[in-house]
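Remarks on the structure that follows.
The values are calculated or read from the model by the stated rules, or taken from the named source; none is laboratory data. Being a predicted model, the structure only gives us computed values, none of them experimental. Note that each Cβ is placed from the backbone with ideal geometry, even for glycine, and that neighbours are counted across all protein chains shown.
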Amino acid sequence: MAEYKVNKTVREINERIRKGKAVVVNAEEMVAIVRKEGKVKAAQEIDVVTTGTFSPMCSSGLLFNIGQQPPVMKVSRLWLNNVPCYCGVAAVDAYLGATEPCDDDPLNKVHPGRFAYGGAHVMEDLLRGKAVHLRAEAYGTDCYPRRELDKDITLADLPNAVMLNPRNCYQNYNAAVNMTSRTIYTYMGPLKSNSSNVNYATAGCLSPLFNDPYFRTIGLGTRIFLGGGVGYVIGEGTQHVQKPKRTERGLPENPAGTLMVKGDFKQMKARYVRAQSIVGYGVSLAVGVGIPIPMLNEEMAWFTGVSDEDITMPVKDYGYDYPNGIPRELARVSMAELRSGEVTVNGKKTSTVPVTSYSMSLEVADKLKESIENGEFLLTEKVEDIPSF
């Protein structure tokens, strides 16, 4: 067990939050504090560091229940605004995937594979108070005789609605470039030919899992800001890498950790849950996620002092290498370089394009900071670790 000069507990920090005495800063502010004061003094002075990200998170969705009305039914197929939902759960439970496209999307009829409307749009419509059309079919049984249901509903009409996201908050990711001679359309956005742009997706020093790279404080039961409401980490997400290659600061050099999260959808706000139609690729959902990091000791202060200069990511070719499973790294660039607007790839200066909104990520971190300072948001201790090494 490491010996630290500073030792705090989540319980002690929560008591300071209740009394209005907690010192809370966002992760961007913490960079300057650690540089100036050092990690020990920073850990003594700061109680909580808030992180934030607002980025496309395709592996997201809505678990909901439509309620029963006589005669009752066991739904086998269900659509919301003509977007198919998965119904193999229970009688009137269903799951709407954010990336599921509308069955009759007019854009797809003209340009196959290019969808303008999907599950993410249904989710945003519901949060905006709009009515969506529900259509359901069933094969009928003695106990569930109804075979069809057709009506308009709003979010208020759903007895239960839970955002349940299998994979959010990627810990590092590729920067994407296209080395072929034609423009390609990817989940990282359009990539022009001959490495004319580099697209990247991370909030850098604000990003939650860069601020706790070994998951010291984040695990099952961690309370988080999710979509403008309160959510929880329920474990590692899909595609979670347990033993990534790390830098001296403990930062993974490639896509690594992920989180599975949930939250009450009815608490959320459309500002932090936004549908996206990615040209030539399909539908995605931008989700605002903020995670508070308790300053238990100087190790956590050191981790949360991570800067954009410390964070590096690989540049990968999405024109040929990525779709063919070739792990070639064309360059390694820092977040600071990416945010400067230009990086060098194979000797060529290339413009950079963020897929993640840094300004919205900062807003998420600051909203969480405000909630903690106002005593409205208390921290939780994880009840189970997420494997990280």
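Are any residues in the stretch 62-89 over 27 Å from the mean Cα position of the chain (by Cα) and under 19 Å from D264 (Cβ atoms), and if so, which ones?
Filtering the stretch 62-89 down to residues over 27 Å from the mean Cα position of the chain (by Cα) leaves 67-77.
The one that is over 27 Å from the mean Cα position of the chain (by Cα) and under 19 Å from D264 (Cβ atoms): G67.
Please go through (1) part of a loop (DSSP other than H, G, I, E, B); (2) surrounded by 15 or more Cβ atoms within 10 Å (Cβ to Cβ) for F54 and return the number of the only condition it doesn't satisfy.
The one condition F54 does not meet is (1).
Just need a number here: residues in the stretch 223-253 that are assigned to a loop (DSSP other than H, G, I, E, B) and within 21 Å of K269 (Cβ to Cβ).
Initial filter on the stretch 223-253 (assigned to a loop (DSSP other than H, G, I, E, B)): 227-228, 237-245, 247-251, 253.
So of that shortlist, the ones also within 21 Å of K269 (Cβ to Cβ) come out as 227-228.
Counting residues in the stretch 223-253 that are assigned to a loop (DSSP other than H, G, I, E, B) and within 21 Å of K269 (Cβ to Cβ) gives 2.
Kindly indicate which of G319, G280 is modelled with pLDDT under 95 and farther than 28 Å from E28 by Cα. So that I can check it myself, show each step before the final result.
Values: G319 fails: modelled with pLDDT under 95.
None of the other options fit; the residue is G280.
Can you give me the number of residues within the stretch 92-121 that are assigned to a loop (DSSP other than H, G, I, E, B), modelled with pLDDT under 95 and farther than 30 Å from P71 by Cβ?
Residues that pass the stated criteria total 8.
Can you tell me which residue in the stretch 370-389 is farthest from G237 (Cα to Cα), limited to those that are at pLDDT 95 or above and hydroxyl-bearing (S, T, Y)? Outline the logic, then answer.
In the first step, residues of the stretch 370-389 are kept if they are at pLDDT 95 or above; the result is 370-386.
Now drop any that are not hydroxyl-bearing (S, T, Y), which leaves 371, 380.
On the way: S371: 26, T380: 19 Å.
Checked the stretch 370-389; the qualifying residue farthest from G237 (Cα to Cα) is S371.
Within 25 Å of L96 (Cα to Cα), at pLDDT 95 or above, in contact with a strand residue (DSSP E or B) (Cβ under 6 Å, 6 or more places away or on another chain) and assigned to a strand (DSSP E or B) - does that describe any residue in the stretch 289-296?
For the stretch 289-296, residues within 25 Å of L96 (Cα to Cα), at pLDDT 95 or above, in contact with a strand residue (DSSP E or B) (Cβ under 6 Å, 6 or more places away or on another chain) and assigned to a strand (DSSP E or B): present.
Could you tell me how many of the residues in the stretch 266-298 are surrounded by fewer than 20 Cβ atoms within 10 Å (Cβ to Cβ) and of a type in the set (V, I, T)?
Count: 1.
Looking at (1) out of contact with any strand residue (DSSP E or B) (no Cβ under 9 Å at 6 or more places or on another chain); (2) of a type in the set (D, E); (3) more than 18 Å from M300 (Cβ to Cβ), which is the only condition E248 fails?
Of (1) out of contact with any strand residue (DSSP E or B) (no Cβ under 9 Å at 6 or more places or on another chain); (2) of a type in the set (D, E); (3) more than 18 Å from M300 (Cβ to Cβ), only one is false for E248: (3).
What pairs come up if the first residue lies in the stretch 18-40 and is in a helix (DSSP H, G or I), the second is at pLDDT below 95, and their beta carbons are under 9 Å apart, counting only those six or more places apart or on different chains?
From the stretch 18-40, the pairs are K39/V6; V40/Y4; V40/K5; V40/V6.
Output the qualifying pairs, or none if there are none: Cβ atoms under 6 angstrom, residues six or more apart or on different chains, first residue in the stretch 116-127 and touching a residue at least 24 places away in the same chain (Cβ under 8 Å), second residue surrounded by 24 or more Cβ atoms within 10 Å (Cβ to Cβ) and among the small types (G, A, S).
Final answer for the pair search is G119/A98; A120/A98.
Go through the stretch 1-43 and give me each residue that's under 14 Å from E299 (Cβ atoms), charged (D, E, K, R) and surrounded by fewer than 16 Cβ atoms within 10 Å (Cβ to Cβ).
E3, K5
Could you say which residue among V364, V343, V315, V353 is outside any loop (DSSP other than H, G, I, E, B), under 16 Å from L191 (Cα atoms) and either outside the structural domain of R274 (by TED's automatic domain parsing) or within 20 Å of the chain's Cα centre (by Cα) (or both)?
When all the criteria are applied, what remains is V353.
Just need a number here: residues in the stretch 198-228 that are over 20 Å from R339 (Cβ atoms) and within 14 Å of the chain's Cα centre (by Cα).
Counting residues in the stretch 198-228 that are over 20 Å from R339 (Cβ atoms) and within 14 Å of the chain's Cα centre (by Cα) gives 5.
Filter the stretch 128-179 down to the residues that are in a loop (DSSP other than H, G, I, E, B), at negative phi and in contact with a strand residue (DSSP E or B) (Cβ under 8 Å, 6 or more places away or on another chain) and list them by number.
Step one: of the stretch 128-179, the residues in a loop (DSSP other than H, G, I, E, B) are 128-131, 138-147, 154, 158-159, 169-174, 178-179.
Narrowing further to those that are at negative phi: 128, 130-131, 138-139, 141-147, 154, 158-159, 170-171, 173-174, 178-179.
If the condition is that a residue be in a loop (DSSP other than H, G, I, E, B), at negative phi and in contact with a strand residue (DSSP E or B) (Cβ under 8 Å, 6 or more places away or on another chain), then A131, A138, R147, T154, L158, P159, Q171, Y173, N174, N178, M179 are the ones that fit.
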